[in-house]
Amino acid sequence: MILRDTAYAKLNLALHVRGKLPDGRHRLETIFAFGEDGDELTAEAADEIGLSVDGPFAAALDGDNLVLRAAKELQDAADVPAGARLHLTKKLPVASGIGGGSADAGAALRLLTILWGVEARHAERVAPVLGSDVPACLRSLGCRGTAGGEELEPLDLGLTGTPLLLVNPRVQLSTAKVFAAWDGTDRGPLERWSEGRNDLEAPATRLVPQVGEVLQWLRSCAGAEFVHMSGSGATCFALFRDDSARDVAAEAVPRAWWHLATRLR
């Protein structure tokens, strides 16, 4: 039997950088939301853990894929003797701020919990070991993240079905470089998501000016009601008033850019 799941595209509706944690990571306040679409992952029983990859962004992955790491960590945590044959169809750009690797890891943990018949607590314990965004991607539902982003509070954002357009200028951005370029200024807490900021937009735009071009273009689109960069970039997004306005904008996205028209989960 082959099990299937979607590694849903992650969005940061707001991302406030508040300072540093004792372990050296940045202290964040963020609101996570997820699109209906993303990478696709399948899993089936096997003697060993193995992964094959295809899709438009497969070539951008390196050998240390988070899907494999997630599988091996869960196998060890739950003391599972079996393996799994995994296949990833990589549809989302790599290093793009929409949780590609973290979403893939979250999907792998969900699938293998079912395939191996292990308790969900094992996946929840493994997720933060894999990365700060993986706990949110494991849930793939609206939530507020604090600490490094891994301490979660579920939220009903009331946005299910909201038309969404993701746009990336096809430029990878290093998360470490973007955080290193942050100016260190605490601009205040995150209260209402709709009034929030992404404090990484300015450093990301300095590193990759095309981010600013994408943001400006999205803000010029008719019907775009909320526009931000997601995570550390370079993907930006707009929430639209209706499907028609989103679809008109999607048709007009410059050919040099990647885009995905979808809705919020």
Item to complete: Residues being in contact (Cβ under 8 Å) with a residue 60 or more places away in the chain and open to solvent by 20 Å² or more (accessible area, probe 1.4 Å): count how many of those fall in the stretch 201-239.
Response: 2
Fill in: From the options Leu111, Leu152, residue that is within 17 Å of the chain's Cα centre (by Cα) and either open to solvent by less than 50 Å² (accessible area, probe 1.4 Å) or modelled with pLDDT of 95 or more (or both)
Leu152
Discussion item. Restricting to the stretch 22-48, name every residue that is open to solvent by 40 Å² or more (accessible area, probe 1.4 Å) and either outside any loop (DSSP other than H, G, I, E, B) or closer than 26 Å to Gly149 by Cβ (or both).
Written reply: Pro22, Asp23, Gly24, Arg25, Arg27, Glu36, Asp37, Glu40, Glu44, Ala45
Practice prompt. Please tell me if Leu51 is open to solvent by less than 30 Å² (accessible area, probe 1.4 Å) and of a type outside the set (Lys, Arg).
Written response: no
Response to the item:
Of the candidates Ala108, Ala147, Ala136, Ala120, the one satisfying the condition of being touching a helix residue (DSSP H, G or I) at 6+ places or on another chain (Cβ under 9 Å), small (Gly, Ala, Ser) and under 27 Å from Gly19 (Cα atoms) is Ala136
Worksheet item: Restricting to the stretch 67-101, what's the tally of residues that are under 12 Å from the mean Cα position of the chain (by Cα) and open to solvent by 20 Å² or more (accessible area, probe 1.4 Å)?
Response: 3
Response to the item:
Residues in the stretch 174-200 that are closer than 24 Å to Phe57 by Cα and open to solvent by 10 Å² or more (accessible area, probe 1.4 Å) total 4
Worksheet item: Quick check, is Leu164 surrounded by 17 or more Cβ atoms within 10 Å (Cβ to Cβ), within 30 Å of Gln75 (Cα to Cα) and either aliphatic (A, V, I, L, M) or in contact with a His (Cβ under 6 Å, 6 or more places away or on another chain) (or both)?
Response: no
Discussion item. For the stretch 166-192, which positions are modelled with pLDDT of 95 or more and more than 30 Å from Arg255 (Cα to Cα)?
Written reply: Ala180, Trp182, Asp183, Gly184, Thr185, Asp186, Arg187, Gly188, Pro189, Leu190
Worksheet item: Among the candidates Gly212, Gly188, Gly184, which residue alone is out of contact with any Gly (no Cβ under 9 Å at 6 or more places or on another chain) and more than 17 Å from Ser96 (Cβ to Cβ)?
Response: Gly188
Worksheet item: Looking only at residues in the stretch 114-142 that are in a loop (DSSP other than H, G, I, E, B) and small (Gly, Ala, Ser), which one is most open to solvent (accessible area, probe 1.4 Å)?
Response: Gly117
Response to the item:
Taking the stretch 80-108 and keeping only residues that are farther than 17 Å from Asp37 by Cβ and at pLDDT below 95, one is left with Ala95
Practice prompt. Among the residues of the stretch 12-58, write down those that are touching an Asp or Glu at 6+ places or on another chain (Cβ under 6 Å) and of a type in the set (S, T, N, Q).
Written response: none
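Please report, ordered by residue number, the helices (runs of 4 or more DSSP H) entirely within the stretch 159-256 with at least 2 residues that are out of contact with any Cys (no Cβ under 9 Å at 6 or more places or on another chain) and among the polar types (S, T, N, Q).
The qualifying helices (runs of 4 or more DSSP H) are 210-219.
One line per residue, one yes/no per condition, for (1) under 21 Å from the mean Cα position of the chain (by Cα); (2) among the polar types (S, T, N, Q):
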{"site": "Ala202", "(1), (2)": "yes, no"}
{"site": "Gln216", "(1), (2)": "no, yes"}
{"site": "Ser220", "(1), (2)": "no, yes"}
{"site": "Ala234", "(1), (2)": "yes, no"}
{"site": "Glu251", "(1), (2)": "no, no"}
{"site": "Pro254", "(1), (2)": "no, no"}
{"site": "His259", "(1), (2)": "yes, no"}
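The values are calculated or read from the model by the stated rules, or taken from the named source; none is laboratory data. None of the values given here were measured: they were computed from a predicted structure. Here the Cβ is made from the backbone with ideal geometry for all residues, glycine too, and neighbour counts use every protein chain on show. Note: areas computed on protein heavy atoms with side chains; ligands, DNA, RNA excluded. Shrake-Rupley method; radii C 1.70, N 1.55, O 1.52, S 1.80 Å.
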